[in-house]
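The values are calculated or read from the model by the stated rules, or taken from the named source; none is laboratory data. The structure displayed is predicted, hence computed values, not measured ones. As a convention, Cβ positions derive from the backbone with ideal geometry for all residues, glycine included, and neighbour counts pool all protein chains shown.
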Amino acid sequence: MKKHITFIFLIALSLFSCTTEDDNYITFEDLYEEGEEFLTGELGVNSTSANAFGFEVDGLTFTEIGAFSTGNSLFNQNWVSAPASTTARDGLGPTFNARSCAGCHFKDGRGSPLVNGEDSSGFLMRISLPGQDLFGNANPVAGYNTQIQDRANNGVDYEAKVNVTYEILNGAYPDGNTYELQKPIYSFSDEKFGSLEGILTSPRVAQQTIGLGFVNALPDDQILQFVDEFDADGDGISGKANYVWNVEENTTTLGKYGWKANAPSLKQQIAGAFHGDMGLTSSLFTEQECPSPQQDCADAVNGGEPEITDSQLEKVVFYQATLAVPNRRNYEDLSVLKGKANFTEINCIGCHRINQTTGISEIAAVLNNITIKPYSDFLLHDMGAELADNRPDFLASGSEWRTQPLWGIGLISTVNNHTFFLHDGRARTIEEAILWHGGEAENSKNAFKELSQEKRQQIIDFVNSL
Amino acid sequence: MKKFLVLLPFSFFVFACSNDDENNSSSNDEITAASVVENYANLVYESYSDSYDAAVLMQTAITTFTETPTEDNFTAAKDAWLSAREYYGQTEAYRETNGPIDTEGESWSIGNEGQMNAWPIDESYIDYVLTGTESYAGDYNSIIGDETYSITEEALAGSNEGVDDKSISTGWHAIEFLLWGQDNTAPAEDLPGQRSYTDYTIAENADRRAQYLTVVTNLLVNDLNDLVSTWNEGGTYRTVFEALDTDTALQQAINGAFFIAGDELSSERMIAPVDSTDGIDASGQEDEHSCFSDNTQRDVYANAQGVLNVIYGSYSTINGASFIDLVKQTDPAQAATLEAAASLVATRAALIGDNAQPFDYLITQETSDSTDGPVMQCVVALFDLANEISASASVLGINLN
């Protein structure tokens, strides 16, 4: 039934574009769908300021607003090394990537790609050896575990530094216009605990943190409805669920967060970031991240057990869960509306899905039963060799990535002053990000390239309106 | 919400004529949305002008001090900062209005809010601090301490939020820190930062510190000047604003007041500090807005006053058609509720603004789960006011969120 509807819709669309070659015939009324600008129903915000990602959803109770405010403060606050007079905020490290959540998710936004010689602002490198550990997770690297912490407290060695060079790839559209992509090539230097030669690597930048509570509140079936692992419908797009170790439930559950859908819940994603990125222990991750032989790290004073209390963790989770998604801008522009039609026509919508409905949120009741337009199916897709990091992550292969939600994407330049996209920030623009798509997205990418420059721009305008 | 849905696409088409139509009804006492919007633009211009003028007086006092660094001139510079803050605080109600101060990417954008008023700041990014009191101390070279750093307006503007959102190099609070220094005293002592004027005479890096203070002050004055110019009659944004559909303009204007009351002031600047009082020495200094000068109670008062200015359409010599007048015309009962909420905010903000105790002491006496103390009492009143602003906007067919 679903397929049937899509089919008719596509025919209708293609008729549309044939019979109305003169674009003046396409009007606002033809293309605008009532309420399409509200990506999270009535819970979105209208801000277009640099703080556009920083607002809470409407309708929180007095106590909930308090939790949001305190979570916000904890998210922004720099943690310091123990022992310190600021006992509530000590425990940073001993090794770490950032001093605060906002250090990577600046204004709740997106991190930047690695710049050689500079401390990262939102970039980190995951590492592993081939194979899986007992929980299905990637095999740790001796001396380092599964992530390079490139900074450390005084008196403790950081693990290593990561460097990048770029290879320029030239390409051309069928219409003769050319483009240039930059492919990053990473290397390590200053390895303190043994050579990192030949290991598996996966570079990652921090994602914007809006709308996460809606994702947490999606019942599994809302995500699994799009699974088509062996492409039974033959449309070239599969969609695979990642099942990952759930620390709290002590079992394997559906992965929802992260570039490879390797975190099952918002709480575990956040506790994992506190642990891996900032060196802070919590009730979910109780051990300091100091693999043998990092003795100075293991001997360093900690900031309490755990360093982040359950109450603090819950407030940060609440804060992250209730960060609102901005409503769309420029949604009534004809170019944007045409871009939306093109986006559907070349089947970007095949993975960047909309209209899932949340169930009951255990975090905030206001998130219950909301139909959302994340522009993501939250499933894994093979994105081709060019984007592959060749490092498996639970069930995700080295070329599979979770569809990134597109909501808010057009405001990243406002909030973060950059337009670097994809898992390691290699794409410098939305256009480059589209052109990197391969594998299951190859057909859509090629269809994009076949479009006229005007229609390509309409798609970019549409994506920027999200 | 439903109303908004219908309204927006409709006004999209009729845009061009709505302004003219509504201007034609001035014969009797009827308040029009257009006249409220017009008065609002005057209000914004006037208050940015006053803020600019006060900042220029501060600049003059700071110049006098850096040229003749004496105790008296130092005090005069600090007094000028305190005086200028009374004006700036009221202008914060013009944020989150899709206006020039915090919008990016439009031809008329200025986007200098973070450059003027970002906080809290990691003061060791700028200058020396007491060892162990800040996260960067010990492994971070301050801008003033780094002699390879050339202190220019461009450089300081480029460094603002250069590491993370606490690495603030510009604006009111950078100037505040340079004038007062860290407040390492206990809140109960009722003392602000104790920086000595000799930091500008005999202390290490005295010249660089004076240069920083001068440059960062010039930058703030320029930023305010940009806002005055753009909101002046015929100014770039004033022109854009006056061409907006009247309902859109009104929605944007009132959204700023709604944002300050329901979010920035109540949540960010009051609840969070109350809840995080274990900052430095369990004193919560880091989470209060003006933590070096102990002027946060006046920030609270001025921010609240700014909200009331927008609701009542009055400020200084400006007194014209207002949001509340418009609401009264449509729904007198709702206007009365709004007025009661606004009046309670005025009372409770004054209780903080005129309190004998500084804000950093007040917050150590309260927790966010109790609403007995003056700070949380004011939060309750602000939330209530935000709700009434929203309900009043709905009466006019305007959705806020």
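Among the residues of segment A:273-287, at least one is surrounded by 16 or more Cβ atoms within 10 Å (Cβ to Cβ), touching a Leu at 6+ places or on another chain (Cβ under 9 Å) and within 18 Å of A:Glu362 (Cα to Cα).
Of everything in segment A:188-224, what is in a loop (DSSP other than H, G, I, E, B), surrounded by 15 or more Cβ atoms within 10 Å (Cβ to Cβ) and not acidic (Asp, Glu)? Give them in sequence order. Listed by number, the residues that qualify are A:Lys192, A:Phe193, A:Leu196, A:Ile199, A:Ala206, A:Gln207, A:Gln208, A:Thr209, A:Ile210, A:Gly211, A:Ala217, A:Leu218.
Taken together, the residues in segment B:391-401 that are in contact with a helix residue (DSSP H, G or I) (Cβ under 6 Å, 6 or more places away or on another chain) and facing chain A (nearest Cβ under 10 Å) amount to 2. B:Val395 passes every criterion in (1) in contact (Cβ under 8 Å) with a residue 40 or more places away in the chain; (2) touching a Lys or Arg at 6+ places or on another chain (Cβ under 8 Å) apart from (2). Here segment A:69-83 is the region considered, the condition is being more than 7 Å from every other protein chain (Cβ to nearest Cβ) and part of a helix (DSSP H, G or I), and the residue that is surrounded by the most Cβ atoms within 10 Å (Cβ to Cβ) is A:Gly71. How many residues are assigned to a loop (DSSP other than H, G, I, E, B), within 21 Å of B:Asn205 (Cα to Cα) and either within 9 Å of chain A (Cβ to nearest Cβ) or not small (Gly, Ala, Ser) (or both) if we restrict to segment B:156-170? Selection size over segment B:156-170: 3.
Yes/no per residue for (1) within 14 Å of chain B (Cβ to nearest Cβ); (2) of a type in the set (Phe, Trp, Tyr); (3) in a helix (DSSP H, G or I); (4) more than 21 Å from the chain's Cα centre (by Cα):
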position: A:Leu313; (1), (2), (3), (4): no, no, yes, no
position: A:Val316; (1), (2), (3), (4): yes, no, yes, no
position: A:Gly339; (1), (2), (3), (4): no, no, yes, yes
position: A:Phe343; (1), (2), (3), (4): no, yes, yes, no
position: A:Gly359; (1), (2), (3), (4): no, no, no, yes
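Which numbered condition trips up A:Arg126, out of (1) free of Cβ contacts under 8 Å to residues at least 60 places away in the same chain; (2) out of contact with any Gly (no Cβ under 6 Å at 6 or more places or on another chain)? Among (1) free of Cβ contacts under 8 Å to residues at least 60 places away in the same chain; (2) out of contact with any Gly (no Cβ under 6 Å at 6 or more places or on another chain), the lone unmet condition for A:Arg126 is (1).
Condition check ((1) modelled with pLDDT of 75 or more; (2) of a type in the set (Val, Ile, Thr); (3) in a helix (DSSP H, G or I)) across all residues:
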| position | (1), (2), (3) |
| --- | --- |
| A:Thr6 | no, yes, yes |
| A:Asn24 | no, no, yes |
| A:Glu37 | yes, no, no |
| A:Glu42 | yes, no, yes |
| A:Ser47 | yes, no, no |
| A:Leu60 | yes, no, no |
| A:Gly66 | yes, no, yes |
| A:Ala88 | no, no, yes |
| A:Leu114 | yes, no, no |
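Find the residue count for segment A:153-184, including only residues that are within 26 Å of the chain's Cα centre (by Cα) and part of a strand (DSSP E or B). Of the residues in that region, 15 qualify. Residues in segment A:365-382 that are surrounded by fewer than 24 Cβ atoms within 10 Å (Cβ to Cβ) and touching a His at 6+ places or on another chain (Cβ under 9 Å): A:Tyr375, A:Ser376.
Applying a threshold of 7 Å to beta carbon distances and a minimum spacing of six or more residues, or different chains, the list of pairs starting in segment B:99-110 at a residue that is within 8 Å of another protein chain (Cβ to nearest Cβ) and ending at one that is β-branched (Val, Ile, Thr) reads B:Thr103/A:Thr48; B:Glu104/A:Thr414; B:Gly105/A:Thr414. If you go through segment B:207-240 and keep only what is touching a residue at least 24 places away in the same chain (Cβ under 8 Å) and more than 25 Å from the chain's Cα centre (by Cα), you end up with B:Arg208, B:Arg209, B:Ala210, B:Gln211. When A:Leu129, A:Leu92, A:Leu124 are screened for being surrounded by 22 or more Cβ atoms within 10 Å (Cβ to Cβ), more than 10 Å from chain B (Cβ to nearest Cβ) and aliphatic (A, V, I, L, M), only A:Leu124 passes. Yes or no: B:Ala321 buried (at least 17 other Cβ atoms within 10 Å of the Cβ), more than 12 Å from chain A (Cβ to nearest Cβ) and in contact (Cβ under 8 Å) with a residue 12 or more places away in the chain? It is true that B:Ala321 is buried (at least 17 other Cβ atoms within 10 Å of the Cβ), more than 12 Å from chain A (Cβ to nearest Cβ) and in contact (Cβ under 8 Å) with a residue 12 or more places away in the chain.
Checking B:Thr330, B:Thr337, B:Thr347 one by one, the residue that is surrounded by fewer than 21 Cβ atoms within 10 Å (Cβ to Cβ) and closer than 29 Å to B:Phe292 by Cβ is B:Thr347 and no other.
A quick yes/no check of all residues on (1) within 10 Å of chain A (Cβ to nearest Cβ); (2) part of a loop (DSSP other than H, G, I, E, B); (3) at pLDDT below 95:
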| residue | (1), (2), (3) |
| --- | --- |
| B:Pro120 | yes, yes, yes |
| B:Asp127 | no, yes, yes |
| B:Ser135 | yes, yes, yes |
| B:Gly138 | yes, yes, yes |
| B:Glu154 | no, no, no |
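A single entry from A:Gly438, A:Gly425, A:Gly408 fulfils the requirement of being more than 17 Å from B:Glu104 (Cα to Cα) and surrounded by 21 or more Cβ atoms within 10 Å (Cβ to Cβ): A:Gly425.
Residue selection: A:Ser292 fails the criterion of being at pLDDT below 95 and under 22 Å from A:Thr209 (Cα atoms). Segment A:364-466 holds helices (runs of 4 or more DSSP H) entirely within its bounds, and those carrying 3 or more residues that are more than 14 Å from chain B (Cβ to nearest Cβ) map to A:430-436, A:442-450, A:453-465. If only residues of segment B:83-93 that are surrounded by 19 or more Cβ atoms within 10 Å (Cβ to Cβ) and not charged (D, E, K, R) are counted, the one that is farthest from B:Ala386 (Cα to Cα) is B:Ala84. Please find, among B:Glu46, B:Glu22, B:Glu96, the residue that is surrounded by 14 or more Cβ atoms within 10 Å (Cβ to Cβ), at pLDDT below 95 and within 18 Å of the chain's Cα centre (by Cα). None of the others qualify; the one that does is B:Glu96. Please indicate, with yes or no, whether at least one residue in segment B:343-352 is out of contact with any strand residue (DSSP E or B) (no Cβ under 9 Å at 6 or more places or on another chain), within 13 Å of chain A (Cβ to nearest Cβ) and not aromatic (Phe, Trp, Tyr). No, that holds for no residue. Within segment B:32-55, residues that are farther than 13 Å from B:Ser316 by Cβ reach partners that are hydroxyl-bearing (Ser, Thr, Tyr) and in a helix (DSSP H, G or I) with beta carbons closer than 7 Å, at six or more positions or on different chains, in the pairs B:Ala33/B:Thr246; B:Ala34/B:Thr246; B:Val37/B:Thr246. When B:Leu191, B:Leu265, B:Leu227 are checked against the criterion of being buried (at least 20 other Cβ atoms within 10 Å of the Cβ), more than 14 Å from chain A (Cβ to nearest Cβ) and either modelled with pLDDT of 95 or more or over 20 Å from B:Ala84 (Cβ atoms) (or both), a single residue qualifies: B:Leu227. Taking the numbered list (1) within 30 Å of A:Ser120 (Cβ to Cβ); (2) acidic (Asp, Glu); (3) surrounded by fewer than 21 Cβ atoms within 10 Å (Cβ to Cβ); (4) at pLDDT 95 or above in turn, B:Glu113 passes all entries but (3).
Screening segment B:100-110 for residues that are at pLDDT 95 or above and crowded, with 24+ Cβ neighbours inside 10 Å and picking the one that is nearest to the chain's Cα centre (by Cα) gives B:Ile101.
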